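The values are calculated or read from the model by the stated rules, or taken from the named source; none is laboratory data. None of these values were measured; they are calculated from a predicted model. Using ideal geometry, Cβ is built from the backbone for each residue, glycine included, and neighbour counts are taken over all protein chains shown. Heavy atoms of the whole protein, side chains included, go into the accessibility calculation; ligands, DNA and RNA do not. Shrake-Rupley method; radii C 1.70, N 1.55, O 1.52, S 1.80 Å.
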Amino acid sequence: MQMNPSPREFNEALEEYIVTFPNHSRLIEYLVKRYDVETQKIIESELSAAVKTTEDYLWSQSSGVEWSEVFELKLFNHVKSSHSWLEASGFSRLLSFSKWLCWHEGLNA
């Protein structure tokens with residue numbers, strides 16, 4: 001019987017997946033060393049969904065993203081509402097990616 005990954009496992013994988021931006025091959029290499037195929041698929045799918053949730057929220061900011069502690073907390077709460085396993089350690093990587101994405105795509109206010 002397959003067990004679901006723990007929040008710690010999701011967050012550790014997220015820390016491996018994103019440094020500045022998502023690196024799929026680094027994630028797969030990390031997962032293959034640690035998990036069976038089914039667990040790899042669960043983690044990969046969930047992390048991809050968390051990145052998409054983050055991107056969608058950033059793109060939805062009609063007047064652009066104005067970075068502040070308040071906005072970062074709103075972003076964290078938004079992503080955590082869909083991905084309850086998210087912790088500060090994993091979120092720090094999503095935040096790093098978010099700031100890069102906003103700079104790269106001109107999404108900053």
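Results, tabulated for the structure shown:
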| read-out | value |
| --- | --- |
| Residues of region 35-74 that turn out to be more than 21 Å from Glu87 (Cβ to Cβ), exposed (fewer than 11 other Cβ atoms within 10 Å of the Cβ) and polar (S, T, N, Q), as a count | 4 |
| Matching residues in region 6-34 - criterion: being open to solvent by less than 70 Å² (accessible area, probe 1.4 Å) and modelled with pLDDT under 95 | Thr20 |
| Selection from region 93-109 of residues that are open to solvent by 20 Å² or more (accessible area, probe 1.4 Å), closer than 21 Å to Ile43 by Cα and free of Cβ contacts under 8 Å to residues at least 60 places away in the same chain | Leu95 |
